[in-house]
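Right, one structure below, let's go through it.
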Amino acid sequence: PVDGGIVVGTDRMNRIIEISEENLYAICQPGIRTIEIQEAVQKQGLIFPPDPASYKDSFIGGNIAENAGGMRTPKYGVTKHSVLGLEVVTATGEVIRTGGKTVKNVVGFDLTGLMCGSEGMLGIITEATLRLLPAPEATSTVRASFKTMEEACHVLTKFTPEGLLPMAMEVIDRNCIGAIEENFAFGFADEANAILLVAVDGERSQVERESKLVERILIENGGFDILRSKSVDEENKLWDARRAISPSLMKYNSLKINEDVVVPRSKVPELVARVEEIGSRHDTFVANFGHAGDGNIHVNFMCDREKPETIERARKAVMETFALSVELGGTISGEHGIGYVKALYLDMAVDPTTLQVMKGIKNLFDPKGILNPGKMFV
Ligand SMILES: Cc1cc2nc3c(=O)[nH]c(=O)nc-3n(C[C@H](O)[C@H](O)[C@H](O)COP(=O)(O)OP(=O)(O)OC[C@H]3O[C@@H](n4cnc5c(N)ncnc54)[C@H](O)[C@@H]3O)c2cc1C
């Protein structure tokens, strides 16, 4: 805790209060793990779509407070798209109820949307009503290698003209491939400088048809060494490469500064090319991977934690990467939020007038500034 504060734990508020298959919602307390909700609704043939990679450890209260995203965002959106209503205790001790149990609800201001991504600064979420969907019958993933990252990223815009909305589109650059090859020897070809993973879901015959279409589009646009999963096991194996990245990157250096900038997805090729240039200009190794389908790229600058000058160089590269993402029509964080670390940079992405409105909202909910002091605003 900071400033002599206290930590509020919600881990004993861990009950699912109701799952309504009929009305496609679940009501739960904030201290339940994301995976527990997903498993409980799955038993009733339903899904709770948000799937942050931390889903086995994260709590739904944290997911909502951070407006977490995940792999399935291109099709299903982020957490706020799956939250119908909330019960919140404000800093002044009042209990407010936002939204309700229905997708349609235009009564008053959208306080549910405001609470999603509020980073624990406006109130403590004590109950959430979540939107559920029928579980798709099947999924399939197609993995392709490309000679350049630019080629791989250009494919991202080729699915829409064919009437396709993939559930996930993830990209991996050559430095990440080098790291996972060294650690796990997946056997990627030497000329593989980028990898694209594209997943579709739906009714079984539709998935079969769409995954073949994805395969064709990837081939037509320069993809090679293409693998298309035909079973859950095969699909899991294809995703192993993606899961292996984060731990493998530590082979390059002892400290990873992991940013998560986001741009409109047609700008991903330019973002990645210019981030590489920024890295080399600041003599800092950079590896890129992530949710290319929604334009959210994890840019990892590697430094030596024992050498402050390498950290200083990486910080300059980070600043330039933030400026670049704003220049390209995006912003400085797609899913990690602002917190303490990025508070200094908030004004790069939010204009002074809008920032004042945000501070006014904080002041209204929490006039004494007791909730997560020091976060977001410097
Ligand atoms: C390995 C790893 C992978 C990750 N992958 C992803 C990813 O794919 N996508 C993504 O978006 N993020 C990801 N994250 C970031 C993080 O896990 C998510 O943002 C997650 O949603 C946070 O949930 P948590 O329960 O861990 O929250 P915490 O870290 O405990 O809290 C996060 C914030 O929410 C506030 N908060 C928590 N509970 C409440 C509540 N009940 N009411 C109000 N405020 C509250 C806290 O004060 C804090 O400011 C990842 C993190 C790790 C470590």
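The values are calculated or read from the model by the stated rules, or taken from the named source; none is laboratory data. Remember, predicted model here, so these are calculated numbers, not experimental data. Glycine also receives a Cβ, built like all others from the backbone with ideal geometry; neighbour counts cover every protein chain displayed. Surface accessibility is based on the protein's heavy atoms, side chains included, excluding ligands, DNA and RNA. Shrake-Rupley method; radii C 1.70, N 1.55, O 1.52, S 1.80 Å.
Taking 0.36 nm per residue of separation and subtracting the current Cα-Cα distance, fully stretching the chain between Asp283 and Asp110 would add 57.7 nm.
For region 252-337, what class follows from the C-alpha gyration tensor (a ≥ b ≥ c being the square roots of its eigenvalues): rounded when a/c is under 1.5, otherwise prolate if a/b is larger than b/c, else oblate? Cα axes put region 252-337 in the prolate bin.
Suppose R0 equals 45 Å; then what is the FRET efficiency for Ala343 and Leu227 from their Cβ-Cβ distance, rounded to the nearest 0.05?
Approximately 0.55, to the nearest 0.05.
Restricting the calculation to Cα atoms, region 1-132 yields a radius of gyration followed by a Dmax of 14.1, 47 Å. Taking the charge dipole of the chain about its Cα centre, with +1 at Lys and Arg Cβ atoms and -1 at Asp and Glu Cβ atoms, the residue from Ile27, Leu249, Ser266 reaching farthest to the positive side is Ile27. Computed on the chain, with alpha-carbon pairs under 8 angstrom and 6+ residues apart, the relative contact order is 16 percent.
Only Lys, Arg, Asp and Glu carry charge here, each on its Cβ (+1 for the first two, -1 for the last two); on that basis the chain has a dipole of about 520 debye about its Cα centre. Where is the GNM fluctuation largest for the chain (alpha-carbon springs, 10 angstrom cutoff): Ser325, Ser145, Ser58? Checking each option, the largest mean-square fluctuation is seen for Ser58. Reported value for the chain: 154 Å³ per residue, from the convex hull of its C-alpha atoms. Relative to the current alpha-carbon distance between Leu133 and Leu355, full extension at 0.36 nm per residue lengthens the span by 76.4 nm.
Put a plus charge on the Cβ of each Lys and Arg, a minus charge on the Cβ of each Asp and Glu, and nothing anywhere else: the dipole of region 138-246 about its Cα centre is then about 200 debye. A straight line joining the Cα centroids of region 271-335 and region 22-98 runs 30 Å. Entry comment: accessible area of region 138-246 is 45 Å² per residue, from protein heavy atoms only and a probe of 1.4 Å. Only beta bridges with both residues in region 245-352 are counted; by DSSP, about 95 percent of them are antiparallel. Among the listed pairs Lys75/Lys359; Lys75/Lys267; Lys75/Lys375; Lys316/Lys342; Lys80/Lys101; Lys147/Lys230, a Cα-Cα separation exceeding 21 Å is found for Lys75/Lys359; Lys75/Lys375; Lys147/Lys230. Computed from phi, the 3J(HN,Hα) profile of region 183-188 under the Karplus parametrisation 6.51, -1.76, 1.60 (θ = phi - 60°) reads 7, 10, 6, 6, x, 5 Hz, with x in place of Gly and Pro. On the chain, 52 percent of the accessible area sits on carbon and sulfur atoms, based on a 1.4 Å probe.
For region 166-284, the relative contact order is 26 percent, taking Cα pairs closer than 8 Å that sit 6 or more residues apart in sequence and dividing their mean separation by the residue count. Most simply put, region 108-263 has about 100% antiparallel DSSP beta bridges, counting only bridges with both residues inside it. The Val8 and Glu182 beta-carbon pair, evaluated with R₀ = 25 Å, returns a calculated FRET efficiency of approximately 0.05. Full extension of the chain segment joining Thr160 with Arg209 gains 16.1 nm, where the gain is 0.36 nm per residue of separation less the Cα-Cα distance. Label-to-label distance for Lys368 and Lys251 is 5.3 nm, based on points extended 7 Å past Cα in the beta-carbon direction.
Residues whose amide H comes within less than 5 Å of that of Asp260, counting only those at least five positions distant or on another chain, are Val299, Gly334 (H built at 1.01 Å from N in the peptide plane). Near Leu355: Cβ cut-off under 12 Å, other residues only, Lys/Arg at +1 and Asp/Glu at -1. The net charge is 0.
Along region 268-274 the Karplus relation, 6.51 cos²θ - 1.76 cosθ + 1.60 evaluated at θ = phi - 60°, assigns HN-Hα couplings of 4, x, 5, 4, 5, 4, 6 Hz to successive residues, with x for each Gly and Pro.
Averaged per residue, region 252-337 has 39 square angstrom of accessible surface, using a 1.4 angstrom probe with ligands and nucleic acids left out. Of Asp347, Asp201, Asp190, the residue with the largest accessible area leads and the full order is Asp190, Asp347, Asp201 (1.4 Å probe). Each helix, a run of at least 4 DSSP H residues, gives -39500 (n - 2.57); summed and divided by the residues of the chain, these come to -10000 deg cm²/dmol at 222 nm.
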